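Heads up: the structure comes next, in structure tokens.
The values are calculated or read from the model by the stated rules, or taken from the named source; none is laboratory data. These numbers were taken from a predicted model, which means no experiment stands behind them. Here the Cβ positions follow ideal geometry from the backbone for every residue, glycine too, while neighbour counts run over all protein chains shown. Surface areas here come from the heavy atoms of the whole protein model, side chains and all, with no ligands, DNA or RNA. Shrake-Rupley method; radii C 1.70, N 1.55, O 1.52, S 1.80 Å.
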Amino acid sequence: MSQATLRVQKISGHAGTVPGEGTQREYTVCKLIDTTTCIGCKACEVACMEWNDLPFGETVFDNTYQTMPETRWNYWNLILFNEHVREDDGSLMWLMRKNQCMHCAEPGCLAACPADGAIVQYTNGIVDFQQANCIGCGYCITGCPFDIPKMNPKTHRVFKCTLCADRVSEGLEPACIKSCPTGCLHFGSKEDMKFLAEGRAKQLREHSNHPNAGVYDPPGVGGTGVIYVLHDATKPEIYGGLPKDPHVPWTVKLWKGPLKWLGNVAMVGGLIGLFVHYLRYGPKAREEEDINPGGKP
Amino acid sequence: MSTSEQIIPHGHVLRYTLKERLTHWVAAVAYIYLLMTGLAFWSPWLFWVAVILGGAPVSRMLHPWAGLIFFAAVWNMYVMWAPQMKHTDVDKAWWKAVRYYSTNQDDKMPPAGRYNAGQKFLFWGFFWGSLLLLLSGVVMWSPQYFAWHSLIAMRIAVLVHASAALFTIGLFLIHIYMGVFAERGALSSVIHGDVSIAFAKRYHPGWYKEIVGQSSTPRK
Ligand code: HEM
Ligand code: SF4
Ligand code: SF4
């Protein structure tokens with residue numbers, strides 16, 4: 001989904017510098033999801049499928065509102081429902097969270113991807129998969145702390161929410177934002193959305209029975225381009241398993257960091273070492289002269 | 001193929017049967033393909049290798065299949081050679097004297113059999129490394145069928161695969177160095193099947209004694 005009007009600041013599997021990096025001073029965009037005013041109507045799900053022209057897939061009926069357990073390669077935006085009993089007063093909370101790619105500032109998917117340009121991050125912060133460059137290895141799946149990238153089993157290409165990079169590049173808001181009937185979805189600069197979210201959380205803390213209300217913008221992945229207002233920010237897990245302190249998995253960091261360096265040094269060092277050994281000691285014996293004096297018998 | 005069916009040049013002895021040579025080259029060709037495509041995905045600086053080998057998605061698709069072929073060959077080697085690769089007392093002495101071996105003072109080495117202790121180490125290193133590569137590679141093969149709760153397996157598999165690959169690459173470099181550059185005659189032995197008697201006496205005196213002892217018609 002190449003966006004000619006958006007500049008790129010990070011490229012997966014790329015050797016050398018990123019052309020055009022730092023040539024634009026664009027503000028970081030952000031989607032704000034206020035879970036406290038979401039009614040679980042799924043208008044955003046429909047808008048996402050319509051705008052991105054995704055084929056309809058079968059739903060799974062399990063006697064709840066949950067139409068499928070998780071996002072799919074062709075279903076990028078899913079409301080996760082959870083009935084939660086509050087510990088303090090025993091009251092029931094029906095929690096709904098719109099789940100999609102978080103557009104991490106430090107995306108684990110991009111760090112893990114070996115294919116040049118299969119995942120890019122634009123200067124406005126959107127993380128976008130370029131299926132034309134994807135090789136179908138699934139490394140991105142291991143790098144994401146939110147279980148977002150999904151592979152099409154037929155084409156072996158990975159898909160996820162683009163934050164409607166095509167719309168945003170034209171100055172529009174993402175399709176889901178436009179469709180939300182309660183106004184629980186907002187879109188703008190990260191700064192503005194943080195301000196709005198903090199104000200809403202403060203309102204909840206002070207004027208409702210939600211003393212732990214807060215904003216979810218996890219620092220472990222450098223902050224995200226999608227932030228949530230939660231009734232209880234101390235327990236993000238109750239919102240369909242939102243991780244409390246997401247990080248790029250240590251396995252991925254170890255693999256792309258120290259292991260890569262150690263491996264490269266060992267391989268290059270080994271080659272040089274063997275070459276020098278050969279210069280110093282040479283072959284054990286030259287077949288013609290040493291092993292068979294006087295040539296082949 | 002037995003010795004009698006193969007024409008051995010005068011003053012040479014059979015070292016590798018046709019079956020052994022074929023197995024070696026199936027493993028070698030598959031390994032080199034795996035190495036090139038694997039390294040392409042290991043480092044962005046080598047990604048172009050996958051591009052010239054038919055494109056990166058093709059390399060991704062074929063790498064695991066080549067892996068199966070590679071492992072089949074390694075398994076065949078295991079069946080053929082494992083009994084000869086047992087660690088012996090001579091091997092212990094060999095490791096003690098390894099510094100003479102690596103500085104080309106072969107006359108100071110204890111007499112090796114068909115394989116010296118270094119070659120045995122290489123064999124077992126390749127065998128276990130290949131097994132790890134196979135197991136981890138199979139886990140990484142089809143990420144589209146991986147459920148979230150078992151993703152940890154794939155994360156570990158990637159680490160294991162890359163580490164095991166690095167380990168075998170170390171062995172591979174030494175193997176190529178010894179076989180092609182250091183021990184002249186070794187490369188030819190795995191192509192033509194035979195080595196000169198001088199080669200056999202020099203590098204595998206124990207083995208030479210064995211085959212001469214077995215042979216009913218003494219060689220000149
Ligand atoms: C034995 C069976 C093997 C199987 C089933 C297998 C499978 C895989 C799979 C599925 C991947 C993921 C991406 C890709 O396809 O490139 C991979 C990566 C890789 N493979 Fe293999 N492979 C095998 C053997 C080998 C061998 C013998 C090597 C020799 C060096 C090797 C080196 C690599 C490397 C370096 C990577 C990239 C790792 C990284 O990016 O960190 N593989 N393999
Ligand atoms: S599957 Fe994921 S990690 Fe692999 S090339 Fe495609 S986008 Fe990159
Ligand atoms: S949520 Fe996952 S897929 Fe989205 S940017 Fe972060 S790591 Fe990548």
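Listed by chain and number, the aspartates and glutamates placed with their C-alpha closer than 15 angstrom to that of A:Lys284 are B:Asp106, B:Asp107, B:Glu183; residues fewer than eight positions away on the same chain are left out. Charge dipole (Cα centre; +1 on Lys/Arg Cβ, -1 on Asp/Glu Cβ; no other charges) of segment B:86-220 amounts to roughly 320 debye. Summing +1 for each Lys or Arg and -1 for each Asp or Glu among the other residues whose beta-carbon sits under 12 angstrom from that of A:Phe81 gives +1. In a DSSP loop and with at most 10 other Cβ atoms within 10 Å, the chymotrypsin sites (Phe, Trp or Tyr not before Pro) in segment A:1-74 are A:Phe56, A:Phe61. Local charge for A:Gly183 was computed over the other residues whose Cβ lies under 14 Å away, with Lys and Arg +1 and Asp and Glu -1, and equals +2. The mean number of Cβ atoms from other chains found within 10 Å of a Cβ in peptide A:133-146 is 5, as a whole number.
For chain B, the relative contact order works out to 26 percent when only alpha carbon pairs closer than 8 Å and six or more residues apart are counted. Among the GluC sites (Glu not before Pro) found in segment A:1-65, those both in a DSSP coil and sparsely packed, with 15 or fewer other Cβ atoms within 10 Å of their Cβ, are A:Glu21, A:Glu26, A:Glu58. Within segment A:2-46, the trypsin sites (Lys or Arg not before Pro) that combine a DSSP coil assignment with at most 15 other C-beta atoms in a 10 angstrom radius are A:Arg25.
Applying a length cut-off of 27 Å (Cα extent along the axis) and a mean Kyte-Doolittle floor of 1.0 to the DSSP H helices of chain B leaves B:117-141, B:151-176.
Interface size between chain A and chain B, please: total buried accessible area, 1.4 Å probe, rounded to the nearest 100 Å². For chain A against chain B, roughly 4200 Å² becomes buried.
Only helical runs count toward this figure. For chain A, summing -39,500 (n - 2.57) over DSSP H runs of n ≥ 4 and dividing by all residues gives -7000 deg cm²/dmol at 222 nm. Seen from A:Trp51, the other residues with C-beta closer than 13 Å to its C-beta sum to a net charge of -4, counting Lys and Arg as +1 and Asp and Glu as -1.
If only the Cβ of Lys and Arg carry +1 and only the Cβ of Asp and Glu carry -1, the dipole of segment A:8-248 around its Cα centre is close to 240 debye. The apolar share of the surface of segment A:8-248, taken as the fraction of accessible area on carbon and sulfur atoms (1.4 Å probe, ligands and nucleic acids excluded), comes to 53 percent. Placing unit charges on the Cβ atoms of the charged side chains and taking the dipole of the protein assembly as shown about its Cα centre, the candidate lying farthest along the positive direction among A:Ala118, B:Leu135, A:Val8 is B:Leu135. If R0 equals 56 Å, the separation of the Cβ atoms of B:His10 and A:Val18 corresponds to a calculated FRET efficiency of about 0.30.
Pairs over the 18 Å Cα-Cα cut-off, from the set A:Lys42/A:Lys178; A:Lys160/A:Lys256; A:Lys160/A:Lys244; A:Lys10/A:Lys154: A:Lys160/A:Lys256; A:Lys160/A:Lys244; A:Lys10/A:Lys154. Remark: accessible surface ordering of A:Trp261, B:Trp75, B:Trp81 (largest first) is A:Trp261, B:Trp75, B:Trp81, probe radius 1.4 Å. Our coupling estimate for segment A:144-161, obtained by passing each phi through the Karplus curve with A = 6.51, B = -1.76, C = 1.60 and θ = phi - 60°, is 8, x, 10, 6, 9, x, 10, 9, 6, x, 7, 8, 6, 10, 9, 10, 6, 3 Hz, Gly and Pro reported as x.
A cut-off of 5 Å between modelled amide H atoms, ignoring neighbours fewer than 5 places along the same chain, links A:Lys284 with B:Glu183, B:Arg184. Since only B:Ile156, B:Tyr78, B:Gly193 are under comparison, the one whose Cα sits farthest along the positive direction of the charge dipole of the protein assembly as shown, derived from C-beta charges on Lys, Arg, Asp and Glu, is B:Gly193.
Take each residue of peptide B:194-201, count the partner chain Cβ atoms within 10 Å of its Cβ, and average: the result is 3.
Here B:Lys92 is the anchor, and the lysines within straight C-alpha reach of less than 18 Å, apart from those fewer than 8 places off in the same chain, are B:Lys108, B:Lys120.
Taking a ≥ b ≥ c as the square roots of the Cα gyration tensor eigenvalues, with a/c under 1.5 meaning rounded and otherwise prolate when a/b beats b/c, else oblate, which class fits segment A:167-254? It is oblate, given that a/c is not under 1.5 and a/b is not larger than b/c. The charge dipole of the protein assembly as shown, taken about the Cα centre with unit charges on the Cβ atoms of Lys, Arg (+1) and Asp, Glu (-1), comes to about 2020 debye, rounded to the nearest 20. Look at the alpha carbon pairs under 8 Å that are at least 6 residues apart: their mean separation over the length of segment A:8-248 gives a relative contact order of 27 percent.
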